[in-house]
Amino acid sequence: MKSSNLIAIGAALAGFAIGWIAKPSGEAPAEKTAEMADAGKKPRAGMDSKSGDRSERPLVLKQRPSAKGSAERDPEISAAERNFQVSFSSAGERTNNARLNRLSEALGLSEEQKTAVNALLSGRREGFKDLKGKGKTPSEMVAEAGNSVAVFENALKDVLDDEQMQAYQDLKVRERQNDIEAKAATEFADLVRQVDLSIEQRDQAMEAMRKISEESFAKRPAGWELMSESMEMMGGLYNDAFENMSGFLDDPAVMGNPAEMQKRMNEAHRAASEQKVSRLTEILTPAQLQQFRATLDARSNFREISPVPPTPQR
């Protein structure tokens, strides 16, 4: 990445992972977050409380017809193009193409609409790439990314019909719900691998992790996903570390000091561990809670004795 701040981010993350961050080949578009229904014991919006089945509109819309006089795409040609993408495109390009194809499926895009949406997505990605080389702080970049999402979605209104725009909003809500559920499931899996829980405790613990996940996502500014997409392509470890940096992304004194960055990330990791312990206090027995806390403390201790990564060079 061209920005010295982003290189510093990479160096800090590498202190807790296997190697140095490699520059991703492309950024997949990220969607602006939507309002969520309250959690607790109430069923989550768009989901059945028992089965987890989605209750909103269909996942796929019927494809809109192409404009009069334009030819429909030959299925064999489309298949050949997909094969070419899989074989020769970079990982980033394949991610972008896959995203476009999912939008086309979910919104029932005509060929003309698909071309227009692809141009909008490409423009947003290229604009974000340019932004990384302009000396912006990470905090400014997150704000700019949020603005680019708003511009994209405003332009999208001129491409889609009303039903398709509603389908797009539904898609964004589903993606946010899925992200929240995935994060909660990861934290829950970590707990049950360590502690023997009853069926009732498992249900209660999963709900506790879900609430933590929802609170975490609620604090993310618009455009956060566009910033974190590069980390996501390399795995959850990098993305989680990036999230731990959210409290000081706008502090140049910290961002320019790898040792201070690592210290702040360690503090954020301990705070997240304490939050989980606090939420589980009324669910686990004293011995179960002690067992879980011991593992979390050991992980934090390991992070804190890890060597500070060297100051990166341009």
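Points to keep in mind about this one:
- For the stretch 268-281, putting each phi into the Karplus relation 6.51 cos²θ - 1.76 cosθ + 1.60 with θ = phi - 60° gives couplings of 5, 5, 5, 4, 5, 5, 5, 5, 5, 4, 4, 5, 9, 4 Hz, in residue order, rounded to whole numbers and with x for Gly and Pro.
- Computed from phi, the 3J(HN,Hα) profile of the stretch 292-303 under the Karplus parametrisation 6.51, -1.76, 1.60 (θ = phi - 60°) reads 5, 4, 4, 5, 5, 5, 4, 5, 5, 4, 5, 4 Hz, with x in place of Gly and Pro.
- Three-way shape call for the stretch 138-184 based on the alpha-carbon gyration tensor, with the a/c threshold at 1.5: oblate
- Taking each residue as 0.36 nm, the span from VAL151 to GLU105 lengthens on full extension beyond its C-alpha to C-alpha distance by 14.3 nm.
- Backbone amide hydrogens, once placed in the peptide plane, bring SER66 within less than 5 Å of GLU111, excluding anything fewer than 5 places away on its chain.
Throughout, read-outs are computed from the coordinates displayed, never taken from laboratory work. Quick caveat, the model's predicted, so the values are computed rather than measured.
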